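Q: Before we start, here is the structure in question, set down as structure tokens.
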Amino acid sequence: MLSKHEVRWCFTTLWIASVLGRLPLDVDRKNGKIYETKSCLKKWCFKLQLGLGFLHILYLAGTWLRMLIAPDGYKLIDMTLQPVALLAALLSLYNAVALLIYYPQGTVLVFNELYNGTG
């Protein structure tokens, strides 16, 4: 069983990300709980971040298509790593949308259950 002292850096990191608008959650470091945010600004900042992630995915897909259509100047390693980077970006965006936009109460519930027993 982990103590609150052992997970204090996790809570601090989540709190900093929440304050900066990188997570649409409110973090209570004293009690070790997270809550869905009521702040429209935090939600808007997070959705802006997701929009930038989507633009990055479009850029990666366009670059990969360009490599396939006109491969001059690119090495084989570039052509094989580009779809891997594209897939990683797609999975990250999907997880962020699924866990923090469509079902944030599930994320809050799982997190609070995991850290409920910390002493």
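Q: Please state which of the following conditions Lys42 fails to meet, knowing it meets all the rest: (1) under 30 Å from Lys4 (Cα atoms); (2) surrounded by fewer than 15 Cβ atoms within 10 Å (Cβ to Cβ); (3) not hydroxyl-bearing (Ser, Thr, Tyr).
A: (2) is the only condition that Lys42 fails.
Q: Mind listing whichever residues of region 12-36 are outside any strand (DSSP E or B), free of Cβ contacts under 8 Å to residues at least 60 places away in the same chain and within 17 Å of the chain's Cα centre (by Cα)?
A: Thr12, Thr13, Leu14, Trp15, Ile16, Ala17, Ser18, Val19, Leu20, Gly21, Arg22
Q: Related question: Filter region 89-106 down to residues that are under 12 Å from the mean Cα position of the chain (by Cα) and loosely packed, with under 11 Cβ neighbours inside 10 Å, then give me how many there are.
A: Residues meeting the conditions: 3.
Q: Mind listing whichever residues of region 44-98 are free of Cβ contacts under 8 Å to residues at least 24 places away in the same chain, aromatic (Phe, Trp, Tyr) and part of a helix (DSSP H, G or I)? Working first, answer last.
A: Quick first cut of region 44-98, residues free of Cβ contacts under 8 Å to residues at least 24 places away in the same chain only: 44, 48, 51-52, 55, 58-59, 62-84, 87-88, 91, 94-95, 98.
Of the ones still in play, those that are also aromatic (Phe, Trp, Tyr) are 44, 59, 64, 74, 94.
Once the filter is applied, which keeps residues that are free of Cβ contacts under 8 Å to residues at least 24 places away in the same chain, aromatic (Phe, Trp, Tyr) and part of a helix (DSSP H, G or I), region 44-98 yields Trp44, Tyr59, Trp64, Tyr94.
Q: Out of everything in region 69-88 that is of a type in the set (A, V, I, L, M) and at pLDDT below 90, what residue ends up being farthest from the chain's Cα centre (by Cα)?
A: Ala70
Q: Considering Leu109, Leu76, Leu81, Leu68, which residue is exposed (fewer than 10 other Cβ atoms within 10 Å of the Cβ), of a type in the set (A, V, I, L, M) and either touching a strand residue (DSSP E or B) at 6+ places or on another chain (Cβ under 9 Å) or farther than 24 Å from Leu48 by Cα (or both)?
A: Leu76
The values are calculated or read from the model by the stated rules, or taken from the named source; none is laboratory data. If you're wondering where the values come from, they're calculated on a predicted model, not measured in any experiment. All Cβ positions, glycine included, derive from the backbone under ideal geometry; neighbour counts span all protein chains shown.
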